[in-house]
1. Taking the simple approach of a point 7 Å from Cα along Cα-to-Cβ for both residue 62 and residue 161, what is their distance in nm?
2. Efficiency by 1/(1 + (r/R0)^6): what FRET value for residue 48 and residue 153, r their Cβ-Cβ distance, R0 = 30 Å, to the nearest 0.05?
3. Return a whole-number percent for the relative contact order of region 18-170, with Cα pairs under 8 Å and 6 or more residues apart as the contact set.
4. Let me see the pair-distance distribution of region 35-150: every alpha carbon pair, 10 Å bin width, integer percents in order.
5. Once you have the Cα-Cα distance between residue 18 and residue 101, take 0.36 nm times their residue separation minus that, and quote the gain in nm to one decimal.
6. Students often check this: by mean Cβ neighbours within 10 Å, which of 117-128, 151-162 ranks highest, and how do the rest follow?
7. Counting pairs of alpha carbon atoms under 8 Å apart in space and at least six apart in sequence, what relative contact order in percent does region 90-171 give?
């Protein structure tokens, strides 16, 4: 018996509109990865921690794990497993971004993919991710991070916001 309540069709989007969303997504991912690599190259020239503000220092470190030091990979096998895992995740994110017709969703996914790409480049080239942003308040410290990590967090936060907003409009 056929489904009595078929899903509504996706809104029509001109082919040029889909192409511009895809181009913007890929461009954002490449810009995020590029700026991330430039800032990391600059951070590697730091010879000592630098205080930018009472809550933010520049302090060079190298992270063998994923975002904020999670899933640390201390062996070569672990390193390449992380490269493979994060590569598959980044590819999946880009595939979803490529298929979506919603520009905000595509751009959030582009930020996540760009951040992942920036960190993958580090892991392939040097076996660890370059971190240098040290956020703190008094004795409390956030794990040292980089612009790729920030792009991933901002992209995921945007995805959560979009999801909550979409969920609210359906209730």
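Every number here is computed from the coordinates shown, using simple stated rules; none is lab data. On a predicted model such as this, the values are computed, not experimentally measured, just so you know. Cβ sites come from the backbone with ideal geometry, for glycine too, and all protein chains shown count toward neighbours.
1. Distance between the two pseudo-spin positions: 3.6 nm.
2. 0.65
3. In percent, rounded to a whole number, it is 32.
4. So the P(r) values, bin by bin, are 14, 40, 32, 14, 1.
5. That pair, residue 18 and residue 101, stretches by 29.2 nm at full extension.
6. Answer by packing, highest mean first, reads 117-128, 151-162.
7. 31 percent
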